[in-house]
Amino acid sequence: MSVRGELVRLGLRTVMKRRDGDFSVAAWRDRMRSMERWVPRPPRSTETRLVEAGRLRFHRITTPASHPGRHVLYLHGGGYVSGAPVYYRHFTWRIANAAKAHIWALEYPLAPENPFPVALGDAVAAYDWLADQPAVRELFVMGDSAGGGLILCLLLRLRDGGTPLPRAAVSMSPWTDLALTGASLTENAASDPMLTARDLPSLARCYLAGADPRHPYASPLYGDTSGLPPVLIQVGSDEILLDDAVRMAEKLRQHNAQSRLEVWPRMPHGFQLFVPVLPEAHQAIARIGRFLAEAPSAVT
């Protein structure tokens, strides 16, 4: 692990884990808004355009490396209660470069105002809209944290509805088990420098609003993974969500040997987002680009 990686861990532990008080949606959102001014802007060569399609709202990110026909639907993290594409402006242009694609970051509805399955419904609508665009010849899906779980739910929903599936998917530090049964929730409670396990039950309640936490469209870990395209999962070894990633990858590989799990030593939750300062994040993004480039033709 790099020296910068250790410094990132120390900073996260100081800022994210040393906080007082009970869980609050307002506090989660305020904390994210307070960080927006620190998010670096993309290079001038990057074009970011807001695109509205009915109720859907995308941030479309294009770089000089983006191939005209290659596109990625991106779903952000934030525990289903916070987050927005604007907080990813330092990251999505790098994915566009690595994947040589146009990135479509969706502003999906947040809980508790919009509980399950509203976000999934908008993800499906966004995918369908993109798939119908004449310029889209290759379509991928990608997400982190809650968004990483949501893209796996999206794959299940698309498969069940008979919709042609994306060529491949990438899921970073995914939350796949809202029933919260993973052993790493307790085993990694002390080592995870960023997430606190005590917040997860409140986040799950906000999103589920009484729905079954083992419903596959809420917790993809409990779904049938047959017929899905290859999925790359990246996760840090010390995350409380490590078991969410490991168990999900095991199920995916039962039906698609091209799915892959990468456990990065001592990396924090969503470490790829620390790419301005973290060498390992640059390496992980490059591996994402190679995975998408090497994916086989889309599953139908």
For the subset of region 169-203 comprising residues that are of a type in the set (A, V, I, L, M) and under 25 Å from residue 287 (Cα atoms), which member is surrounded by the fewest Cβ atoms within 10 Å (Cβ to Cβ)? 194
Only one of 71, 76 is within 25 Å of residue 296 (Cβ to Cβ), modelled with pLDDT of 95 or more and not basic (Lys, Arg), namely 71
Checking the structure you have, find out if any residue of region 282-296 is at pLDDT below 95 and buried (at least 16 other Cβ atoms within 10 Å of the Cβ). yes
Out of the residues in region 96-132 that are out of contact with any helix residue (DSSP H, G or I) (no Cβ under 8 Å at 6 or more places or on another chain) and aliphatic (A, V, I, L, M), which is nearest to residue 232 (Cα to Cα)? 96
Residue 166 passes all but one of (1) under 29 Å from residue 23 (Cβ atoms); (2) crowded, with 16+ Cβ neighbours inside 10 Å; (3) modelled with pLDDT of 95 or more; (4) not basic (Lys, Arg); which number fails? (1)
Of the residues in region 255-300, those that are charged (D, E, K, R) and over 27 Å from residue 165 (Cα atoms) come to 266, 280
Leading residue by the ranking (most open to solvent (accessible area, probe 1.4 Å)) among those in region 107-159 that are of a type in the set (Lys, Arg) and under 24 Å from residue 222 (Cβ atoms): 157
Selection within region 235-246 - open to solvent by 10 Å² or more (accessible area, probe 1.4 Å) and in a helix (DSSP H, G or I): 242, 243, 246
Looking only at residues in region 247-274 that are open to solvent by 30 Å² or more (accessible area, probe 1.4 Å), in contact (Cβ under 8 Å) with a residue 60 or more places away in the chain and in a helix (DSSP H, G or I), which one is nearest to residue 8 (Cα to Cα)? 274
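Table: residues versus (1) more than 16 Å from residue 146 (Cα to Cα); (2) touching a His at 6+ places or on another chain (Cβ under 8 Å).
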residue	(1), (2)
46	yes, no
66	yes, yes
70	yes, yes
105	no, yes
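Return yes or no: is residue 110 under 30 Å from residue 213 (Cα atoms) and assigned to a loop (DSSP other than H, G, I, E, B)?
yes
The values are calculated or read from the model by the stated rules, or taken from the named source; none is laboratory data. Every value quoted in this text rests on a predicted model; they were computed, and no experiment measured them. As a convention, Cβ positions derive from the backbone with ideal geometry for all residues, glycine included, and neighbour counts pool all protein chains shown. Quick note on the areas: whole protein, heavy atoms, side chains included, nothing else; ligands and nucleic acids left out. Shrake-Rupley method; radii C 1.70, N 1.55, O 1.52, S 1.80 Å.
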